[in-house]
Structures are given as C-alpha cells and as structure tokens.
Amino acid sequence: MTLALLPQFYRMKFVDREGFISDDGYLFNDQAFQILNQVVQVINALSYTTITSNNTLNVNGLRAPSFTTAQITSLFTDAPIGTIWYNSDSKKLQFKSDSATLSTITSVP
C-alpha cells in the first residue's frame, strides 16, 4: 500500500469572519486527517501494540505480512532486498536476501 503525501501547505485563511473554519482550512484538515489515518492503519496492521493507563504506546511485536507461496513468488521480483514475508503455506518466515534468492528462516532444535 502506498500512502499519499500530506497535502501541500499553502497560504490560506483558516477561519472565516465569524471564526468558523474556512472551506480551504476544512479541506486541508480533512486531507491531512485521511492520510494520518492511513498511517495509523498501517502501523496497526504491522504491529501488536498496547496503550498503557498513562497513554504510552507500547509496540509488543511486529507482524510480517502473510502470503501464500504463489503470492510471495509474484511479489519477489519488485520487492527490495530485505523484504520479509510470513509464508502461510510453509508456516515459515521468508525474506529476499539478494536480487535472486528467497531465503527461508528455519529453527534448529
């Protein structure tokens, strides 16, 4: 997923004569909110987080995106080196270790 850039900040009136947010100010705030909401959705999708009683955000772990072997194969070519996937078929983590190699992380007892 590609996130949109924040809207360009330009010279505008943020409030009208009555003190209410102007149409330009409303549009800017709405676009910025939508993009920041996408950022929150990505963070939530990639991490297991909790919020403590004093509103501190704790990242308790990261989640690799889960794909089948066929999906990983189709994503592999365009993925940058270091990309990690969870292979839902083999139940193992895999990563692109160089331009032509898909490596599997295995455990040793």
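The values are calculated or read from the model by the stated rules, or taken from the named source; none is laboratory data. All figures in this text were calculated on a predicted structure; none of them were measured in a lab. Ideal geometry is used to build each Cβ from the backbone, glycine not excepted, and the neighbour counts take in all protein chains shown.
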**Report entry** Filter result (surrounded by 11 or more Cβ atoms within 10 Å (Cβ to Cβ) and touching a strand residue (DSSP E or B) at 6+ places or on another chain (Cβ under 8 Å)) within segment 1-57
**Finding:** PHE14, ILE21, SER22, GLY25, ASN29, ILE43, LEU46, SER47, TYR48, THR49
Requested in this report: Starting from segment 90-104, keep only residues that are in the same structural domain as LEU75 (by TED's automatic domain parsing), then list their pairs with residues that are small (Gly, Ala, Ser) and exposed (fewer than 10 other Cβ atoms within 10 Å of the Cβ) whose Cβ atoms are within a distance under 6 Å, requiring at least 6 positions of separation or different chains.
Outcome: none
Query raised in the report: SER107 fails exactly one of the following numbered conditions: (1) assigned to a strand (DSSP E or B); (2) free of Cβ contacts under 8 Å to residues at least 12 places away in the same chain. What is the number of that condition?
Result: (1)
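Of the residues SER90, SER53, only one is within 24 Å of SER107 (Cβ to Cβ) and assigned to a loop (DSSP other than H, G, I, E, B); which?
Result of the check over SER90, SER53: SER90.
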Report task. Can you confirm whether segment 71-82 contains a residue that is outside the structural domain of LEU46 (by TED's automatic domain parsing), closer than 23 Å to THR2 by Cβ and acidic (Asp, Glu)? Result -> yes
